[in-house]
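Worksheet: one structure, shown below.
The values are calculated or read from the model by the stated rules, or taken from the named source; none is laboratory data. Nothing here was measured: the structure is a model prediction, and the numbers come from that model. Because the Cβ atoms are built from the backbone with ideal geometry, glycine has one as well, and the counts that use them run over all protein chains shown. Note: areas computed on protein heavy atoms with side chains; ligands, DNA, RNA excluded. Shrake-Rupley method; radii C 1.70, N 1.55, O 1.52, S 1.80 Å.
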There are 2 protein chains.
Amino acid sequence: MIQRLTEHDRENLQESLATSGQKVTAQREIVFAVLLAKRDHPTVEDVFQRARESMPGLSLATVYNCLETFVGCGLVRQVNHERESTRYCPNLAPHAHFRDEATGHVHDIELPPEIIQSLRSILPAGFNSETIEISFRGRSQETPPRSTSN
Amino acid sequence: MIQRLTEHDRENLQESLATSGQKVTAQREIVFAVLLAKRDHPTVEDVFQRARESMPGLSLATVYNCLETFVGCGLVRQVNHERESTRYCPNLAPHAHFRDEATGHVHDIELPPEIIQSLRSILPAGFNSETIEISFRGRSQETPPRSTSN
DNA sequence: CTTGCAAATTGGAATCATTCCAACTCATTC
DNA sequence: GAATGAGTTGGAATGATTCCAATTTGCAAG
């Protein structure tokens with residue numbers, strides 16, 4: 001399952017990396033492509049396995065490095081649930097996460113701006129938040145509404 | 001710094017444990033007392049250190065066990081931020097957490113019921129959430145408004 | 001072209017929180 | 001006062017992540 005980036009995605013990658021003074025490498029391309037190909041919030045190990053199909057020599061350390069780099073330049077978000085392995089998600093739109101306890105799957109939940117606003121408003125004076133993370137835990141009745149969700 | 005539970009707290013402990021068929025032990029009393037004494041969201045290690053002042057023989061494994069037990073019977077909540085050590089909090093009222101990036105301190109933020117409602121309402125049909133976790137990350141200007149907050 | 005350099009990659013070792021486990025303690029019941 | 005079972009203990013095991021020293025790579029300058 002070889003992954004190739006679209007023009008657009010490759011440019012996005014290139015630019016984001018450039019702004020923090022970093023370059024596109026074969027490894028980064030593949031790791032990024034893996035994230036875009038199946039937006040199921042893979043763990044590092046998942047990404048590693050998938051990326052290896054296209055680049056057998058790729059090392060786990062590099063996957064860690066790439067993902068850290070991407071997070072650093074805002075290309076992807078980290079998703080943590082309890083103390084489980086960190087998962088990665090290339091959806092940059094503001095959204096919450098729903099973790100299905102039955103399957104372990106993580107779904108993105110769109111976050112209306114007014115909710116974000118009202119959340120910000122409950123912070124007492126003097127508290128400045130850069131990030132808000134919202135995660136639901138429970139069961140979803142049906143199979144994921146959109147399997148390749150964002 | 002020996003900790004002793006108030007009548008009320010001890011009863012609370014006793015009852016909560018009883019409902020899941022468990023007993024009050026010296027270790028559990030102390031661990032619980034430590035949590036109530038300073039509600040600063042201590043890590044297991046923190047609790048371990050503090051509890052040892054009252055009970056030098058206490059083992060780390062037991063602290064893990066006690067805290068797990070408490071979480072299981074709803075006496076305390078776990079608080080996770082990123083992949084840092086799990087912290088524990090005896091505040092049962094619905095609340096969010098604010099993690100000060102400068103100090104590492106965690107503050108409770110009261111959660112108005114209507115916010116919880118509106119959050120629940122953004123879940124698509126078929127998603128049933130038992131738990132919602134909200135965490136802010138940022139900086140708080142001043143020293144904690146209420147240092148022994150809950 | 002070569003040379004040199006800095007950034008990136010690599011594999012393996014190290015770390016750290018947490019879990020597991022088998023032995024031991026203790027209170028209670030028969 | 002022996003048996004039972006929950007709770008405790010210390011140490012070993014686990015698993016995700018980080019660290020590190022040794023290459024490799026991509027380029028830029030000569």
Checked the stretch A:105-129 for anything under 22 Å from residue B:121 (Cα atoms), out of contact with any Pro (no Cβ under 6 Å at 6 or more places or on another chain) and in a loop (DSSP other than H, G, I, E, B); matches are A:105, A:112, A:122, A:123
Checked the stretch B:66-101 for anything touching a helix residue (DSSP H, G or I) at 6+ places or on another chain (Cβ under 9 Å) and either within 8 Å of DNA strand C (Cβ to nearest atom) or of a type in the set (D, E, K, R) (or both); matches are B:77, B:85, B:86, B:87
Over the stretch B:52-75, the set of residues open to solvent by less than 50 Å² (accessible area, probe 1.4 Å) and within 12 Å of DNA strand D (Cβ to nearest atom) is B:54, B:55, B:58, B:59, B:62, B:63, B:66, B:67, B:69, B:70, B:73
- Report yes if residue A:49 is at pLDDT 95 or above, within 11 Å of DNA strand D (Cβ to nearest atom) and either among the aliphatic types (A, V, I, L, M) or not assigned by TED's automatic domain parsing to the domain that holds residue A:120 (or both), otherwise no. no
Filtering the stretch A:27-44 for residues that are within 16 Å of DNA strand C (Cβ to nearest atom) and open to solvent by 60 Å² or more (accessible area, probe 1.4 Å) leaves a count of 1
Considering the stretch B:88-104, residues that are within 16 Å of residue B:76 (Cα to Cα) and assigned to a loop (DSSP other than H, G, I, E, B), and then whichever is most open to solvent (accessible area, probe 1.4 Å), we arrive at B:92
Has the stretch A:122-137 got any residue that is touching a residue at least 12 places away in the same chain (Cβ under 8 Å) and loosely packed, with under 12 Cβ neighbours inside 10 Å?
no
Residue match in the stretch A:86-101 (condition: more than 15 Å from DNA strand D (Cβ to nearest atom), over 15 Å from the mean Cα position of the chain (by Cα) and either on the phi > 0 side of the Ramachandran plot or without any contact (Cβ under 8 Å) to a residue 60 or more places away in the chain (or both))
yes
In the stretch A:1-26, anything touching a helix residue (DSSP H, G or I) at 6+ places or on another chain (Cβ under 6 Å), within 14 Å of DNA strand C (Cβ to nearest atom) and touching a residue at least 24 places away in the same chain (Cβ under 8 Å) is listed as A:13
Result of the Cβ filter at 7 Å on the stretch A:35-57, keeping first residues that are touching a residue at least 60 places away in the same chain (Cβ under 8 Å) and partners that are β-branched (Val, Ile, Thr), at least 6 apart or interchain, is A:38/A:148; A:39/A:148; A:41/A:79; A:41/A:106
